[in-house]
Every structure is written in C-alpha cells, then in structure tokens.
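Take a look at the structure below.
The values are calculated or read from the model by the stated rules, or taken from the named source; none is laboratory data. Note that the coordinates shown come from a computational prediction; the quantities given were computed from them, not determined experimentally. For the accessible areas, the whole protein counts, side chains as well, though only heavy atoms, and no ligand, DNA or RNA atoms are used. Shrake-Rupley method; radii C 1.70, N 1.55, O 1.52, S 1.80 Å.
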Amino acid sequence: GLLDVVVFRGFSPWRLALHLVGVLFGRRSDPRIRTYRARDTRVESRRPLSVRADSHDLGTTPVEIQVASRMLLVTAPRQGRRVAKVSG
C-alpha cells in the first residue's frame, strides 16, 4: 500500500547511466540517492520533465501520484497444486 519514491539528486543523464550499469553489477549505494515510502506524493521540478509510470506517459511535472488501494489482482494456484517452473 505504499509507493517507493527514489530521488536522484544532482544526477546528470551520464551519471544516471553509470549508476544503472553499476546496479547491474551489484553496486547499489550512492549518498545522493534517497528512498522514501509514501501513500501519495507530488513531484515538482524547475522545468517540466516527462513523467512515466508502468510504461505509460503521464504528462509532465508537476504531478501528483496516489496509491489506489485494492487495485492489484493476484492470481495464484490453490494450495497443494504444483506449478512447473519454466526457465528462460
């Protein structure tokens, strides 16, 4: 029921790319990255920035994002049934 809000302060596009490559190889910490949890949040920026969530364009900043409770549908096998694992 909470959003993970990750703030990358002072990251240029190049620095962000380097960080993401580092994450691929197991490096995860950077003092300029802060993570918060919230039910709702407002994102603002000095200039309008594109906003995307779950591969959908949401427009530009400022934007308000809220958790929609009971919106996740989970389908799982009944207890005791076996599910085959598929490797890719």
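Remarks
- Note that the chain presents 98 Å² accessible area per residue, ligands and nucleic acids not counted, probe 1.4 Å.
- Degrees, to the nearest 10: 13-24 long Cα axis against longest axis of the chain: 30 degrees
- Counting every alpha-carbon pair across the chain, the share separated by more than 15 Å comes to 75%.
- The chain - percent of accessible surface contributed by carbon and sulfur, probe 1.4 Å: 53 percent
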